Every structure is written in C-alpha cells, then in structure tokens.
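One structure is given below, encoded as structure tokens.
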Number of protein chains: 2
Amino acid sequence: MNARYEEFIRRVKELSDIGQAQGLLSWDQETYMPPRGVALRARSLGTLAGLHHERLTDPALVDLVEELRGAGLSGDEEVNWRFVERDQRRALKVPRELVVELSQFQSLAHEAWVEARKRSDFSMFRPWLEKVLGLQLEVAHRVGFEGSPYNAFLDEYEPYARMETLAPLLEALRQRLVPLVGRLAAGRRPAAPFLEQEFPVDRQEVFGRRVLADLGFDLERGRLDVSVHPFCSGISPLDVRLTTRYSSKELTSALFGIIHEAGHGLYEQGLPPEGEGTPVGSSVSLGIHESQSRLWENMIGRSRPFWAHYLPLLRELFPDQLKGVEVDEFWSGINQVRPSLIRVDADEVTYNLHILMRFELEQGLVDGSVKVAELPELWDQRMEAYLGVRPPDAAQGVLQDTHWSIGLIGYFPTYSLGNLYAAQFFAQAQEELPGLMEQVEQGVFGGLRAWLNRRIHAQGRRLRAEELVSQVTGAPLGVDAFMAYLEDKYAAIYGPN
Amino acid sequence: MNARYEEFIRRVKELSDIGQAQGLLSWDQETYMPPRGVALRARSLGTLAGLHHERLTDPALVDLVEELRGAGLSGDEEVNWRFVERDQRRALKVPRELVVELSQFQSLAHEAWVEARKRSDFSMFRPWLEKVLGLQLEVAHRVGFEGSPYNAFLDEYEPYARMETLAPLLEALRQRLVPLVGRLAAGRRPAAPFLEQEFPVDRQEVFGRRVLADLGFDLERGRLDVSVHPFCSGISPLDVRLTTRYSSKELTSALFGIIHEAGHGLYEQGLPPEGEGTPVGSSVSLGIHESQSRLWENMIGRSRPFWAHYLPLLRELFPDQLKGVEVDEFWSGINQVRPSLIRVDADEVTYNLHILMRFELEQGLVDGSVKVAELPELWDQRMEAYLGVRPPDAAQGVLQDTHWSIGLIGYFPTYSLGNLYAAQFFAQAQEELPGLMEQVEQGVFGGLRAWLNRRIHAQGRRLRAEELVSQVTGAPLGVDAFMAYLEDKYAAIYGPN
C-alpha cells in the first residue's frame, strides 16, 4: 500500500507543479506581461487548466483514490487523501471543456473589466459578467450543493463553510456594527491635515521595504512588485510574491497594502515544508488566510505601539510633510472612521459593511433575484442605505473590485470572516504572549510571528477552519472579539461615547 | 480530412501553449524569481516538459500524423505536418522520464554553474556538466544520427544542418580570419580613452530604450528587463521579452546587448501571425535567428552612419564623458580589434575564433576524445593558440558561458552561422535598398525592417535555412560576404594594409 500512496503523492505533486505554472502566469499577467500578450496568455492558462483537470480526473488517479479509500490512512496521509478525493469528486462532475472555457474567459473578462473601470462604463463589462456568472452557475449546478446554492460558491474558498452558519454570523456583525458607525460618525473626527500632501513614492517604497523586512518576510523566498490591485501569490513556499500600488497622494495606502500582503505571505512561507505540493502543505481557507493579513495590517500596523516605533523613521523620510506630527495625532489620523466609496480604502469599522452589501448582491445573483443589469443601481442604493454615500460613477461603485470579473463569487465574505478570525486569534495571542505590544513598540515582531507560525501556519491544512479556531482560541468563531477590539480601539481614539 | 487537420492543429497549439508556459517560467528564472525558488521551479519545468512530451507522443496525435501522412497536404499544411512529424519521431525515441530528468537537471545545473562561476571554481561545476553531457549523449544516441554523432546535437538548433557542410565552412572561415586578425593586431589600434570612464546606468537605460523604440521593437508586445546573461525569449509573437545587463564601467555593452536582442525580438514579432502556435509561425533555425541579431547589432549598430545619428544624443546624456569626442573617433573606438577573453564582449573579427574553439571542444566531448575534467586546460591552451591570451581564472575561461550548463551542446556554431548569414543578407539588402545607410544616418530603420520582415520574418518556417538564404540572396551560404564586410570595414578604421 505504501507504494500506492507514494504513486498517489507523485501525481498530486505533479498537479501542484501545474498549479505553480498557472500561478506564475497569472502573477505575470498582473505585473509584467506586455499589454497585447493577454489573448495568448488566456489561451495558455486555459490549456494548463485543462491539463490540470485532465490529470486530476485521470482514471489512474481515480483508481488510486478508490484503492486508498479503504486503506485505513491516518494522519497526514488521511488529510491528503481527503482533500484530493474532494477536489477530484468535484472535478469529475465538470467537463474539461467547461474548465478550459471558464479559465480562458476569466482572463479576457478581467481585461474587459480593466478597460470598463478605466472608462467607468458598466455597460462595457456587463456582457462579460453575465457570461462569467453563467459559467460559474453551470459549474455550481454540476458540482451540486446542499441547502442554499450559494454554498457551492462559498465552499470553493472556505471549505466546509455553510450559509446556515455564515449568514447569522454576518447578520450579528451587522447589527453591532451599524450603531457603532453611527456613534463614531456623530463623534469628533480626528483631524489629519498632514495626510493631504505629496509623498514621493520612492521614499514610500524605502519605508515599505524596511517594514516588510522587519516583519520577517523572507525576500530570498519572495518578492515585492507593483500591480493595479495588491495581491499575494503563493507560487510555492519558496516563491511567494506580494504586490502593492503607490500613489504620491497617499502616505499609507501602499504601506498597508504591503503589510496586508505580507500577512498572507508569512502564512505561505510558514506552511509546513513536509507537506509541500500536497494538501497538508496548503492553507486552510481564504478566511483563515485573510485573518493573517488583517491581523498584521490592522491589529499591528494600525496600532499605536507600531507607530510609536515607526513614526520617527517615517519622519526622517518625509521631514517637511510630517514636521511636528506626534504619535497620537498620527495614529488617530490614520484611523479615521469615515463612510467611503472604495472598499480597499475603507477603515476597519465601515469595511465590513462594504462586504455585507456585496454578500447580499451575490446571493441575489446566484438565486436569480438580481440581474447583472440591475447591479449598478442596486449597488448605489445599498451604499446609500449602509454607508450614507452614493458613488458618483461606476468606477467608484460597482466596477471597483476585480473579483467578479475573474469569476470570484462567494469570495467576499471570506474578508469579513478574516476580520473575525483575526480578532479572535489576536486576543488569544495577547493572552499567551505577555508584553506583545511592548515588543511591537520596539519594532520586534518575532514573538508574534513564531506564535502564528506554530499555532496556525505550520498546521497546514490538517484542521478545518472551525477546528483550528477552536483549537487555537478555545471557542468557536463569533463576533465578540472583533467588536471588543473595535470598541476599545475607537474609544481610545474618539473618546468614550 | 479537413476536420482531422483541424484536430491536428488544435493539438499542436496546445503543445505551443505548454511551450509558452515553459518559456515564461524560464524567463522568470533569469529575471525575477526569488533565489530560493529554483528547486521547485526545476521540478515545475520538469513536469511541464513531461506533459509536453506526453502530449506530443499521445497515441491520438501519433494516429493523426499517420493519417495525414498520405493525405496530400501542401503549402502551410504540409510544413506544419512535416515539422510535427519530425519532432514526434524524435520524441517517440526518448522516454518521458529522460525528458523530465533532463529538464529538471538543467535548471539545477544552471544554478550550479552560476555559483561555480561566481567562485571561479570549475570543480564545483564539473560533476553537473558530466551528468548533463551524459544525459544529452543518451538522448542523441536514442534519437540517432547519420554521419557524425555531432549531427544529432546540431540538428536540434539548426534543422537539416550537417557537419559535412558545416565543418568545411567554418574551416574556410578560420583560414581567412586568422591572417586578418594578425594584420589588424599588427596595425595601429584606435585609441579610445573616452571609454574608460563611469557611465551611470540610468542614463544608459534611457539611451538603450530610445534606440530600442527607434528600431521598431514593439513594447506593447514585448519587454526589456535585466538579467545576468542577455537573451530574447519569444514566449509568443504577442509577448517577446529581451534582457540586457548594465555596468557603469561599460558605455556600449548594455546597448549592444539591447540592439542584439532587439534583432531577435523583431524576428519573433515579425513571424507570420497566421502561423501562430504552429511550425509555420516559428523561426527557421538558430543560425537564421542569430543572423537577425548580428545584422542589427553589427552591420547597423556598429556602423559609422548609426553613430553619426546617435552620438549627439549620447553626448547629451554624457556631456562630460564624451566632450570633444567626434564620430570617427567614437566609431573606431568601439570597433577595436583586440583578442580578448570573453566571447560576448569580443569584437566582430575575433568573435568567431571564440566559437571555433568551442566547436572543436564540443566535438571532442561528443566523440569522447575530450573529458569534462580536461576542459579547463584545453580551453586555456586553445585560447592561447587562437587568440594569444590565457584566462587568469575559470570565470574568465571555461566557465564564462551558460550554454553547456543547460545542455546546449551544438548551439555555439549557430552563432558563427549567424554572422555568415547576416553578412550575406545585409549585402543583398544594400543592393535592393538604395540609400539604406543614408537612412540609418537619419535614424530611420523602417525600410530595412520591412525588407527583413518581408524576405525573412514573415516567411516563418516555410523554407529551410539553406533554401531561405538561396531565395533571398541568390546564392548558397559562404564566407565571402562576411569576409568582404569585415575587410572593408576594418580597412576604413585601421587603414589599408
């Protein structure tokens, strides 16, 4: 049986190799690919997706999975078997032609979205989105689902998550967030005129790279580049690529992009090497992944101790712009709560309302109660209802995110899950690591990084998300830790209310 | 039969898509890959090589090739069939495992070479080269050959070329080159003290990019990056990537790298779009490819008219360094003939002697009369015999080139073939394009580019190299055009002798 398991793993690693190639081609499309390369890149990615599907559903691998089913596997072997069986079962229900078509179409739809956003013209993007949605719905119905059809989408990104538990959780979040936003909006807004200046991007990059190194991201096993939309691509644990974007009008946008993506990157670099190329060596879910980026970006990067350490360095780089700006003013300045149009620029409090409206629209798209053509109007209505702001154009409204263009439906909720996981993990870390924020104030992050690595990263995919959160924090996922974190933080900034 | 041909082409394009992925992964390995990514990159490239081999030898494609054999194909269909049949016939003789092993091993051997060259230690590289050579010899013997075993290697890069014609040609070249080198070395050496200065690389890059644009390389369908060893990677006709390398101590090295690779890049961008992804849309051979890079680099980029146009611009960028330097001084300064250690930095006259000694050593490696362990000593001896210089260390000697590390044996002679083709094409272009060099003096290259495109690039692989040279120049390949070009040029620089 050992030889059969080894043959199984050999084939699984071959799938991982194809995945690494797909990962690099996709990364390149966002970073260095010449503009006109897109059509053939789409075809090449489609071919790789087809090959991946073909190898995953290869009768020899199907037979191996069947043979190993009753073999009494345990430990890592059982984990690897379980996830490959799961992926294979899904793949067997979807014809290769559909996989290739979807992959090719995603690349092209993404380019259409880039153009449409540039011109702020939803009508240019509408037919592409209709087609992508149609293809994704076809996949979902072929794969099948229990309960809500949205579960088929959700399960892609957050394995084992179900609407039946997710929806009440997000509803509880909404109920506690809305009054907090109201209270904060009524309170004094910390002034931050120093942010309204020019900050040359070359100096921003120096600062961002310094922070990236301090956080412990390994540039021997990774990179930092520039793209329109920041992302982290874990091509392999030895090749983890982050991107950010710079604007001379934004002092912290690129930096928080870097810290956020570094959180993802530390997870990827910290996955168990013994599981490389197999499910054991993979991340648990997008929600858990996002918890790592949010924790570093928000709980650390937007904390007062962090800036007590870094503001002097930042002031050296921007002496005129930050003259006389002290830590409290800076910290409260970068933590303004202000209902705004763009999700990725939103503060920690209003952010989740951006997610909730997308979550609702997606459910409508999936159950058919919302038509693609209605999206711009529904988007604007919900923005007004939830956040009290109305986008002046589609680029700042329904066209702002890339996700739907590449077929990522059911992905947004994992961002809010990430916030909830992050707060719960962070509360636990503070309990187990006395002096944690004092270390942050010294620019020392090794203790937290080692804790996250031991408790989360190095576990790979051995536990489900719900098992992991219970094992690490002793409790199932809830909204309390997140709300307590927000309430404490913003009471300190805005004063008690 | 039409439907069968279409299915054949569909499969051929799938192979091309895999090739595009391999191309990108290899390009990335030389440009942006994090240092520690190499091991998994090697595995990923190996897997892709295995998939490519598997699809090429897929029984369904074997059957298609058989069916189409007697189908009376003609024109482009016959060309595509002929080259796929040729590649398939080779591939069927080589087991997939050997293809994967070779691919993986090449990536690792390349990294070993990088390290060995850095430390100038041949002994570090020796076991890798022995293994690569052994694998390549195994491939050659499985594929089979007529006449010299070296033909099996040569045929990989210069289809249909044979030692029986190549060796006499290069011998004729050697016989005419050696006395020319002797005469020029005895003559006055144009002084070029202005080259021995610092030239900041950011300005070199401005100049190089300006020239690149002027030559007509399309940056919407291509890129220019930096790598240790300049190269051109034609990932697809819509995605052609050049690299160069900058040193502030070298004014023209990066520039000639750019012009050289742009010559390759114009060929790739000019291939017939209707043949994309098939043999018809591919280049003829490495020798023909090299003719394009050499023609632009040497016949154009190192010509007096070129510098009559560009020296004023270059002087604007380096006003202190080039103060008072006039065109004749500059032109003769960059065309010094001087026996030297490094092939890629060699002048046009001595360059081919670097190739000839590699050609001889490779023949020895292939027929077993030269052992890998003997290479450093034999290298140094031949350098002394041919060029009168002896490398002070292995980095400047036997370790200088990357080729052998990645298994490229039989590749070097295509560089000299490129020089011969280039001179013959260029003589013909001058005949057919009156005022060509006057246009160059105006910085106008469109006429030459269009001529090369029409006569060579847009032909794709429809003609064999020997057919193409005869069709374009009316004569088979010889050494006369090249020697006449050199003799004229250096008589103008060194005076008649």
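Computing FRET efficiency as 1/(1 + (r/R0)^6) for B:D345 and B:E78, where r is the C-beta to C-beta distance and R0 is 30 Å, gives about 0.10. Under 13 Å from a point 7 Å along the Cα-to-Cβ line of B:E198: which residues of segment B:245-263 have their amide N that close? Correct set: B:248-250. Restricting attention to segment B:212-351, close to 45% of DSSP beta bridges with both partner residues there are antiparallel. Modelled label positions at A:E384 and B:R89, each set 7 Å beyond Cα in the direction of Cβ, lie 7.4 nm from each other.
The packing ranking of peptides B:150-162, B:170-182, A:144-156, A:293-305, highest mean first, is A:293-305, B:150-162, A:144-156, B:170-182, where packing means the average number of other beta carbon atoms within 10 angstrom of each residue. For chain B, lysine pairs with C-alpha atoms less than 27 angstrom apart, excluding pairs fewer than eight positions apart on the same chain, total 10.
Just to be sure I follow: if Rg is taken over the C-alpha atoms of the protein assembly as shown and Rh is the Kirkwood radius over the same atoms, what is Rg/Rh? Across the protein assembly as shown, the Cα-based Rg/Rh ratio is 1.00.
Expressed to the nearest 5 percent, the antiparallel share of DSSP beta bridges inside the protein assembly as shown is 45 percent. Taking every DSSP beta bridge that has both ends in chain A, the antiparallel portion is near 45%. Lys and Arg at +1, Asp and Glu at -1: add these up for the other residues within a Cβ distance under 9 Å of A:G281 and post the number. Overall, the nearby charge balance is -1. From the Kirkwood radius over Cα pairs of segment B:309-465, Stokes-Einstein at 37 °C and 0.692 mPa s returns a whole-number translational diffusion coefficient of 173 µm²/s.
Considering helices alone, the calculated mean residue ellipticity of chain A at 222 nm is -20500 deg cm²/dmol, with DSSP H runs of length four and up weighted by -39500 (n - 2.57) and normalised per residue. Remark: label point of A:E377 defined 7 Å out from Cα along the Cα-Cβ vector; separations to the same position in other copies 8.8 nm, ascending.
Between the alpha-carbon centres of segment B:12-42 and segment B:264-330 there is a gap of 27 Å. Protection proxy ranking, highest mean first, for peptides B:202-211, A:60-69: B:202-211, A:60-69, where packing is the per-residue count of other beta-carbon atoms within 10 Å, averaged. Residue and distance for the chain A Cβ closest to the axis that moves A onto B, in whole Å, come to A:A21, 2. Ordering B:L170, B:S148, B:P159 by the projection of their Cα atoms onto the charge dipole of segment B:136-211, which places +1 on the Cβ of Lys and Arg and -1 on the Cβ of Asp and Glu, puts B:L170 at the extreme positive end.
Spin-label model, B:K249 to B:A458: label points 7 Å out along the Cα-to-beta-carbon direction sit 4.6 nm apart.
Applying 0.36 nm per residue to the separation of A:H229 and A:Y160 and subtracting their alpha-carbon distance, the gain on full extension is 22.0 nm.
Dividing the Cα radius of gyration of segment B:163-494 by its Kirkwood radius returns 0.94 for Rg/Rh.
Label point of A:E438 (7 Å along Cα→beta-carbon): distances to the other copies' equivalent points are 8.5 nm, sorted ascending. Ordering A:I342, A:A21, A:A481 by the projection of their Cα atoms onto the charge dipole of chain A, which places +1 on the Cβ of Lys and Arg and -1 on the Cβ of Asp and Glu, puts A:I342 at the extreme positive end. Here r is the Cβ-Cβ distance between B:E97 and A:D214 and R0 is 41 Å; the resulting FRET efficiency, rounded to 0.05, is 0.35.
Here's the picture: charge each Lys and Arg Cβ at +1 and each Asp and Glu Cβ at -1 in segment A:48-129, and of A:Q88, A:F125, A:A71 the one pushed furthest to the positive end of that dipole is A:F125. In this rough spin-label picture, where each label sits 7 Å from Cα along the Cβ direction, the A:A186-A:A373 distance is 4.3 nm. Label-to-label distances for B:G474 across copies, nearest first, come out at 9.4 nm, using points 7 Å from Cα in the beta-carbon direction. Contact order for chain A, expressed relative to its length and based on alpha carbon pairs under 8 Å spaced 6+ residues apart, stands at 19 percent. What's the FRET efficiency of B:V62 with A:N2 using the Cβ-Cβ distance as r and R₀ = 51 Å, to the nearest 0.05? The formula returns an efficiency of 0.90 here.
Taking the Cα centre of the protein assembly as shown as reference, the dipole from Cβ charges on Lys and Arg (+1) and Asp and Glu (-1) amounts to some 560 debye. Post the alpha-carbon centroid distance, segment A:72-117 to segment B:152-175, in whole angstrom. Using only Cα atoms, the two centres lie 49 Å from each other.
A short reminder: the numbers here are calculations on the coordinates, not readings from a lab. Note that the coordinates shown come from a computational prediction; the quantities given were computed from them, not determined experimentally. Heads up, the Cβs are rebuilt from the backbone with ideal geometry, glycines too, and the neighbour counts pull from every protein chain shown.
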